[in-house]
Amino acid sequence: MEDGTQHLAHCMVDMKELSANPEGLTAAGVILTPKLPQVEFSLACNDLVASGRDRKPNALVQVSVIDPHKQHLVSHACTEIVEANKDPLFLTGVTFPSEYPASPETLVKLTVYDAKDKSQESVSKWLIFFCSSLLGSATFSVGDLLKAKDERLTLSLRSSDGVCTAGTVVVSRLKMGEMEEVDVDHITTDIPSQKCPLVCESASHACVDRENPLTGPVFKNPVCKVYRFQTVDSKWMLVREQMEECTLSFSIPKQLLSLYIQEDMSRVQDLRELGDLSPHWDNLRKEVMTRYGETISSYQETLAELDKVTGRSFKPSCCKAQKSLEFIPINLHTQRMRVTCPRKTDACYDIVTVGAPAAHFQGFKCGGLQRLLSRYEGEKKSTAYQCIYYSPEHTAKAQEVLSTMSLLQPLITSLADQLLQAAQERSSTGLRDALKSLSDKTENLVHTLKDELVKSALLALHAAQPGYVSKNQKQTAVQGESVSFPLKHQDSIPHHKEYDEEEWDRAWANVAKCLTCVIAMVDKLLEDDNSKQEPVPEQQLADVITSHNLGEWREQLCPPVTRLKECVMEVVEKAKKAMTFVLLQEAACSIPQGFLLQQRRDVVFSQALAALACGFIMKLYAGIQDKGFLRQLHLVGMVAQFESLLSTYSEEIGMLEDMETGISDLQRVMFKITEAKTDDLGDLQPLVCGRRDHFTVEVPLPRLFFQNLPEEIKEGKPLRVFPVLFNVGINEQQTIAERFGDISLQERINQKNFEILEAYYKSLSEKVPLECLPCFQTQTDIKELLETLGQNVITKKRKNVEILWIAGTICRRLNGIRFTSCKSAKDRTSMSVTLEQCALLRDEHQLNKDFFIRALDCMRSRLTQGEIGQWEDPEAGAVTDNKPASRHFYPIALLLVSSHLLVVWLILSLVFLLAKYQ
């Protein structure tokens, strides 16, 4: 106000003891003990004097810290620019997180600048300060702030010569639970007089950020930002942003590389164990083994290079085409927005940002995975003259049979040993339990082996062995003639009737017969035991006990059990060779293109899985005490919604095709929660196991939290994730694609994934009460939202971002994981994230409409980014070390306008060229 009344703005100062643990969280402090902000404060200025007396300044404040030991300035933070106001109140606060060593002796320097033009806010921070005029500066210590009356300081701003006073700066500390009001009509020149509470009133202020789970073994290097925005009822909400890096960016790909190497080495060993083959097939086998060897060598080199990387926990966008880092996702970060509103429970909104999973090093000249795989299948069938053609379904079935047998055979052997141990101990209960498990697993194995593919592959393998003579060749040999038959391309699975087809049927039938014998023997033993337990005189009972030693049951049960184990081993060995022969055909038909495509698919899947594991753990930590969420997790699973902003033009088409396949491959992933051996960070790292056709990610939790999980989860029930992908291009290239190109890829992806999301909701509504889902202020029914989404998916509308907004809303309503991606997870991604955050503040927390644009500008401003430990990103044009690229973006309206201007420019250029050459 012009009358000189002081107007104070304040954000957040919270000096809670970091050593204090919330009740019940001490044992697992490594996960849920929060890294509370140590010092948070707000800034306001009064009576600023601009360099030009005829105008009001565009003020901003740079916050620097004076290192007490080295005595040099370290730039720490910067506020947004408040235009044309001599009494500016800054919505962006200043925070010193617990990782930053702030103490009462820490000196803070505040430097106030007058920016000539607020549009400069979109450029580099250093250019801003270079083009701005210095108004004044002031210095204070953290201890001064804590000791000050009302815990706020009013400091005089001294000009560079130290003589003139350029106004005052007010530093305010937050005191929870008290409310005062003063006029704050100076916030902007166009907002009417309002009342601003000097402190933040919150129903949950006693535990601000105590539930923050974004600490622990997989999240590190947090970047914190704080804001205050006004609600429609003239109250003030406190907004904290925390962005962190994820160590899974490197650990998951490294584990996957090790598993890929093990799987390929095992495949090579299986090929060797096929035995003698005819010269033709033996040459094909050698060639395939050579290709596998090249892949193994390449992966080993990549793994060795990744082991050399230290101190980094994410891959910057400038390294996206680096071969040694091609398995690492680009700019994988987590972001949490925590909102504290008067008399309301705190709310948290999480999102994972990551660059589109794609093979950037290999390039997109020939398209992405979806197009390459489709073309490859057609070419393979037409050119596979050297081998037997098996369809992708048969190949997938062969991999499934191999995977199932590798799991069931050791399990059956173990259960058979348990059965004998129970017989040794004469435990009736143990005998029944072991027999039930053994019967179930053996029946599963028999069902797997009865597949027609196994029999046909055995016949084909028999024909490929040396010395195989067909029925026609036998008849020719009898007549004394020598006839050779050239190998012909097989369009389908061969059937050799001269081979005894019933031999395989008898083999797996023997397994069933042996199991029947074991069951009969156990029933006989239990029946005899029951008959001997009838009341008898004491002397006779003693004679019975003496006449039967404890090993009698085992002796009777051992022969049929041993025979069962032998039969299982025999059929598994035969079936394994048959399925290996099928995969040999697949590999032989695909040289070399198939191996290159598999490597590309491995790269894309590695990036996608790292992002998914990051999101799953983030969501698990946040909902670890939510019984409804945990019930939903083990009964149905969790939806993971990937929002993509890639265009359907030029090389981004290939990226989108890669991403589509990578996200679809995540359906092969299961999660399992285990109990950690200790609370050490090393024992809390997620572990990946499995093969390419099925992976399981094990997430260890400390005992304190593991014991409170539902029994189904504690027993190791696999937890499903339903990945869905929705894409809407928003940049200038998408404008060209929509006007002159083809967007059918985007339309097909959205339609396909809408059907997956709809099926998930149907399954969820049948198994889980809707009361388990989170509550929101907007009470739109999920079914109604799905109908609206379905209508938008089939509607022909340019840049229909409604698809992304509705899909994101549905995901949050379904307790899902949100991901946002573009090419590098920078400009378009952060535009989407900040717009979504402000929309949530408006819809869920009644953000004042007059503050919407200011809130958006604060979150997107480059100036408010900290610069602790920085490195230069050439694509961003700004300084950011160990932190993601700056989050400044053009408003969507400007983006759309510039898109139309681009089209006009193209048309005018074409007209000019035609006129010139005519």
Mean Cβ neighbour count within 10 Å, used as a protection proxy, ranking 674-683, 798-807 highest first: 798-807, 674-683
Environment charge of residue 725, counting only residues whose C-beta is closer than 14 Å and scoring Lys/Arg +1, Asp/Glu -1: -4
Net charge, residue 747 excluded, C-beta distance under 15 Å - Lys, Arg +1, Asp, Glu -1: 0
In region 308-404, trypsin sites (Lys or Arg not before Pro) in a DSSP loop with at most 10 other beta-carbon atoms within 10 Å: 343, 365
Accessible carbon and sulfur surface of region 735-872 relative to its total accessible area, %, 1.4 Å: 50
Förster radius 60 Å - calculated FRET efficiency between residue 904 and residue 711, Cβ distance, rounded to 0.05: 0.40
Trypsin sites (Lys or Arg not before Pro) within region 404-450: DSSP coil, no more than 14 neighbouring Cβ in 10 Å: 450
Estimated distance in nm for a label pair at residue 517 and residue 290, the labels positioned 7 Å out from Cα along Cα-to-Cβ: 4.8
For residue 836, solvent-accessible area (1.4 Å; no DNA, RNA or ligand), Å²: 40
Solvent-accessible area per residue, Å², over region 375-466 with all protein chains present [probe radius 1.4 Å]: 46
Sites matching chymotrypsin sites (Phe, Trp or Tyr not before Pro) across region 343-447 that sit in DSSP coil, with at most 13 neighbouring C-beta atoms within 10 Å: 385
Debye, to nearest 20: dipole size of region 289-436, +1 on Lys, Arg Cβ, -1 on Asp, Glu Cβ: 660
Accessible heavy-atom area order of 711, 732, highest first, probe of 1.4 Å: 711, 732
Contour excess over end-to-end distance, with Cα ends at residue 694 and residue 71 and 0.36 nm allotted per residue: 218.6 nm
Above-threshold pairs, the threshold being 21 Å between Cα atoms, out of 619/826; 783/826; 320/823; 455/576: 619/826; 783/826
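The values are calculated or read from the model by the stated rules, or taken from the named source; none is laboratory data. Note that this is a predicted model, so its numbers are computed, not measured. Cβ coordinates were reconstructed from backbone atoms using ideal geometry, including for glycine residues, and neighbour counts include every protein chain displayed. Please note that ligands, DNA and RNA were not included when accessible areas were found on the heavy atoms of the full protein model with its side chains. Shrake-Rupley method; radii C 1.70, N 1.55, O 1.52, S 1.80 Å.
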